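Since the structure comes first, as structure tokens, the remarks are kept for the end.
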Amino acid sequence: MAWTKPQIKAAAIAARSADWNDQQLHMVLSSLGGRAVHQGKLTRTSPRLNDDDYEMYMATAEAAPECGGTLPRWNMGYWRAKVIDAIQRQRYTIERLAGELELAPPHLNGMIDKATGGRAKCLDDVDRLNDRATASRVIDLLKAKAKAKTLAPPPRVPRPGPHRTLVEQDIPF
């Protein structure tokens with residue numbers, strides 16, 4: 001998803017705060033894996049830039065000596081912490097899906113173990129790994145379970161039969 005207009009504006013403010021010249025801005029944008037290239041030019045308005053790129057851009061600006069570790073409107077080290085905690089949004093998604101599925105922690109832990117091939121036994125282990133691919137596998141498994149739950153036929157309820165009297169049912173008095 002492309003950066004929103006407020007993100008583009010905040011990125012411009014960050015570049016000004018970091019006192020980047022055109023060459024430095026070019027270097028930072030080119031470090032985003034080529035996603036900043038649009039119509040042959042490096043630009044902050046490229047539709048291929050995503051939220052991860054935005055966080056990396058802002059963390060780079062925050063680390064500039066001219067900023068002193070702080071960008072306007074943010075606490076010191078805010079963007080650096082977001083980049084370090086790579087799976088923050090994915091952890092929230094895992095917790096939300098587990099809540100929707102009403103999974104007890106032992107069941108969720110079993111699903112995490114299955115999705116990660118034994119690399120993580122619980123959500124805390126996924127946090128320690130801080131690996132987006134691992135968290136994505138857990139999310140995919142939870143989404144598949146949610147989809148299966150919604151597609152499952154409702155439980156069969158027996159139809160009420162014709163009402164019979166006690167005499168007809170052969171029940172002794």
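What follows draws every value from the coordinates through simple rules; no lab data is involved. What you are looking at is a predicted structure, and each value in this text was computed from that prediction instead of being measured. Methodologically, a virtual Cβ is constructed for each residue, glycine included, from the backbone with ideal geometry; neighbour enumeration extends over all protein chains shown.
Against the main long axis of the alpha-carbon atoms of the chain, helix 5-17 sits at an angle near 40°.
Computed from the C-alpha gyration tensor, the three semi-axes of the ellipsoid equivalent to region 85-125 are 15, 15, 7 Å, from longest to shortest. Per residue, the convex hull around the alpha carbon atoms of region 5-84 comes to 83 Å³.
Helix 88-100 and the longest principal axis of the Cα set of the chain meet at an angle near 10°. If the chain linking Met1 and Asp124 were pulled fully straight, counting 0.36 nm for each residue of separation and taking away their Cα-Cα distance, it would gain 41.4 nm. A Förster distance of 45 Å, applied to the separation of the beta-carbon atoms of Ala148 and Arg73, puts the FRET efficiency at 0.55.
To the nearest ten degrees, helix 105-116 and the longest principal axis of the Cα atoms of the chain are 60 degrees apart. In terms of distances greater than 25 angstrom between alpha carbons, the cross-link table entries Lys5/Lys147; Lys82/Lys147; Lys9/Lys41; Lys121/Lys149 yield Lys5/Lys147; Lys82/Lys147.
For semi-axes √(5λ) of the Cα gyration tensor in Å, the value computed from the atomic coordinates appears in the list (i) 59, 11, 10; (ii) 21, 19, 18; (iii) 54, 18, 14 under label (iii).
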